[in-house]
1. Inspect all residues belonging to the range 312-335 and state whether any of them is within 36 Å of the chain's Cα centre (by Cα) and open to solvent by less than 20 Å² (accessible area, probe 1.4 Å).
2. Write out, first by first residue and then by second, each pair whose Cβ atoms fall under 9 Å of each other, whose residues are 6+ apart or on separate chains, and whose first residue, in the range 49-67, is over 20 Å from residue 33 (Cα atoms) while the second is among the aromatic types (Phe, Trp, Tyr) and in a helix (DSSP H, G or I).
3. Name the single residue, out of those in the range 440-464 being without any contact (Cβ under 8 Å) to a residue 40 or more places away in the chain and closer than 18 Å to residue 240 by Cα, that is least open to solvent (accessible area, probe 1.4 Å).
4. Considering only the range 740-779, state which residues are without any contact (Cβ under 8 Å) to a residue 24 or more places away in the chain, polar (S, T, N, Q) and outside any helix (DSSP H, G or I).
5. Checking the condition in a helix (DSSP H, G or I), farther than 29 Å from residue 394 by Cα and either open to solvent by 40 Å² or more (accessible area, probe 1.4 Å) or at pLDDT below 95 (or both), which residue from 635, 641 passes?
6. Would you tally the residues in the range 336-364 being within 22 Å of residue 397 (Cβ to Cβ), small (Gly, Ala, Ser) and open to solvent by less than 60 Å² (accessible area, probe 1.4 Å)?
7. Does the range 162-174 include one or more residues that are more than 30 Å from residue 260 (Cα to Cα) and surrounded by fewer than 20 Cβ atoms within 10 Å (Cβ to Cβ)?
8. Please determine, by comparing only the residues of the range 465-482 that are free of Cβ contacts under 8 Å to residues at least 24 places away in the same chain and not charged (D, E, K, R), which one is farthest from residue 240 (Cα to Cα).
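The values are calculated or read from the model by the stated rules, or taken from the named source; none is laboratory data. Remember, it's a predicted structure, so these values are computed and weren't measured experimentally. Every residue, glycine as well, gets a Cβ built from its backbone with ideal geometry; the counts of neighbours run over all protein chains shown. Note: accessible area is taken over every heavy atom of the protein model, side chains too, but ligands, DNA and RNA are not part of it. Shrake-Rupley method; radii C 1.70, N 1.55, O 1.52, S 1.80 Å.
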Amino acid sequence: MDFIVIDTEGRRELTEIAIINSQGKLIYEAFNQDYFKYTHQKSSGKPLKTILSDFKAIAEGKILVFHNAEHDLAVLAKSFSQLAFPFPDYQQIYCTYRQAQRALSASSYSLEYLAKKLNLKVNRQYFNREQAHVARYDAQFTYQLYLTIKRMNSTLPLPQINPFGSSRVDNPFQNHPDNSNIYHPQYNTLESVIDDIKYDQNHQSKGAVIIGSPGTGKTHLIMRLAQQRLKLNRLLFIPCPNDANTIKYHTYSSILESLNRSIPGTQFNQLEYFLANTFVGIIKSTNTDTQKIQGILNKIQDDPLKLYKILGGERTQDRRNNWDYVEKFTSDWWFKQYGAVGYAPEIIKGIVKFCRYSDPGYKQLIKKWLAADELEPAELDKIGLSSWHDEISKEDFSLDAIAVFGKLSLLHEPLIIVFDQLEMLGLEHNRSILLNFGEAVKEIFTRVPHSLIIFNLFPNRWQQLQQTFDGSIIDRISQYQVFLEPPTEEQTQAILQLKAQAVGADLTNLFTPQEIAKITQDKSSIRAVLNYAAEYFRYKYKNIPLPDRQTKISEEKDARVPLDSQLVSRLERLESQQYKLEQLLNNIAQAFNGFVSISPATSTTNLVSSTQPDLIVPSPNLEKTLAAKVRDYLLTQQEILEQDYHEAEILLDEKDIGKLQDIIEAFKQITELETDILPSKRVFPPHRLITNKNLCIGFISSCKGNQFTSRLQNFNTAVATQSQIRFILWRDSRSDAISPKTVGGKEIDKLNQTKNGEFRSFTRSERITFELLYKFVSDIYNQDLDINLETELQPAIKIAGDYFQDYWLMQAIL
């Protein structure tokens, strides 16, 4: 049975009344027109007869909650009697005064005393005696007291963490609770495609587009694929590229990052799994019957990972000899199969070298080498590899390298290559990236065999790709189309239950059936439900106000929607805005007349009576501000970036400049910014010139040696000839140090001696803030951050600018 909270004022007869519903909203407030305390009450003044009729209609079938019910019921009874109305026989009466006497030991049980003793708040403010004895104010604190006592009487253990606090999967290597019944047919489709690729005699790669609105679980589905198949397949995760000229290198470097990910439950990463299984396949395919190779095969064919144990003890000569043998055997096999063309033979050696060493320092050097980074001669001698020549084309190299992994996978299981978080490709300033991305994808399909290549897309982005790419690209990437529709209410509740179980709780113990129904009423996406469940949990167990749930305007407007539908949507939005304005003006007027509009928000609990209601519904009147939402997001993401900082990252200057450009484009929402590049035939470090700020920002983290020196010399020339521009050149602190005695070191000193230029170290804190700014922008457009792009984008950017006001980039552009 539903309940309402009532407070009355008056002695001989009713002078004012306020009624709060079970959701904490003020649904009725009226003043007896014969008794006005304040001028503003005249607008709500009504004849007593009307007030009592309204009360009777509202109270019918409800549980009535009062503080000191005897007083309130007496006032109501006298008022009914005065008008010769029969007073209804209300059976379900709950008195917080009486219940507090049972639950608490206190010197007083007045509403003021209990509110202060229990630290109750309304609208984040404690009880104020000056505002007491106003029906609305007292009713709102009575509502809070009702919830608090109910919580105190509850025997349920308080969960230590919010089961619903993590509602998004950022990459498929994370571990989130997964209900395999959700999108089971779609998952089976992907698995069947993998089987089709494996048994296809032509070994052609196939494309699949996973299409779903924000928050429907596209990346989560890929996470399930990773959890189920990482022991077999290599899953390679590629986020959105942000530089038009390095898309293939971005793809390849992301593949290396993925291959460096550990397989859950093992001590090995993906690349080590890959080589072990590949080596077994090579042996089986060659039919070599030498005693040594057959001895190795007999030991590892049932468990290829034993390869890393049988080749000898750490740092022994036997181990070195055996690994040299594995490297030669693998290289000879590749030469017989594919010849010595291109970069592939050297890449094969690098893969084997990476897996033969257990020392992280060696592995990091080989990873940099595999990424075509330039190493010092001593470093190359240490790992036994040759130098890449300076004029290497990283785009051509990357395509060769990706093709190597595709060809090696023929010996075991298909690759799973996933392009995700692609929404920023649709922005106008990324048009060239989008076009080059299409061409790069076409080359990958042509050159890389034996792979399932997946694209996670919003419906409108998929529509844009169809309109932008030529038919040959679209046909390849969309051989299979997998659609994710919002789950049913039953499936949504199953997801909530799974989340609760992950922290040792049960959904039905956390929330009542009515609360669960309220939480799951937004069927637009899984994430929307989880976000609201997290907010509801924080309200119920942490006393944090619950924000209003407002109907969102879709960010994915279909161009084919009839005009009148769009007009209706706009009118509805205007109506909502008008209502909010009216409420704001009303609250201001009330404040000037002696009291403030309040909204409740505290924890929950049981009440008086043998038949207790199930409903514990908080007030959603207090809207969580956009500023709080942005700050909460930034704090959470900063913690994640802090934790991930030491994950070895392949630094790429072009990627950093792409991130800088995306940040600048976003901040054009609130300030005028114009970008360009330095006009010259010289090769500069990747940079952006913000022309209306006379500022040039460059990055030089991913090169060293001659390349570093020549680019820095060219940069210094620009600094010397364009004194009106301020130049900043950044180098990541994780990059190799440049000795002051080298030519490059002297060029650094030369730059720092100029009046308009400086060389800076991109320290840990600088990097994390930069990445946080980029992630903030990226997550807004990928709709991983719950921001309305039509109405909240500009304010959100402004809030972020204020939040980072002390950061060098914000000081430079704002």
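1. Within the range 312-335, the subset within 36 Å of the chain's Cα centre (by Cα) is none.
There is no residue in the range 312-335 that is within 36 Å of the chain's Cα centre (by Cα) and open to solvent by less than 20 Å² (accessible area, probe 1.4 Å).
2. 65/143; 65/146; 66/97; 67/97; 67/141; 67/146
3. First, pick out the residues of the range 440-464 that are without any contact (Cβ under 8 Å) to a residue 40 or more places away in the chain: 441-442, 446, 461, 463-464.
When the remaining residues are screened for being closer than 18 Å to residue 240 by Cα, the result is 441-442, 461, 463-464.
Working: 441: 6, 442: 69, 461: 32, 463: 61, 464: 38 Å².
The extreme case among them is 441.
4. Step one: of the range 740-779, the residues without any contact (Cβ under 8 Å) to a residue 24 or more places away in the chain are 740-741, 745-746, 749, 752-753, 765.
Checking the rest, the ones that are also polar (S, T, N, Q) come to 752-753, 765.
Hit for the range 740-779 is 753, nothing else.
5. Numbers: 641 fails: farther than 29 Å from residue 394 by Cα.
Result of the check over 635, 641: 635.
6. So the answer is 4.
7. First pass over the range 162-174, keeping only residues more than 30 Å from residue 260 (Cα to Cα): 162.
In the following step, the residues that additionally are surrounded by fewer than 20 Cβ atoms within 10 Å (Cβ to Cβ) were identified as 162.
Checked against the condition, which is being more than 30 Å from residue 260 (Cα to Cα) and surrounded by fewer than 20 Cβ atoms within 10 Å (Cβ to Cβ), the range 162-174 yields at least one hit.
8. Residue satisfying both the conditions and the ranking: 471.
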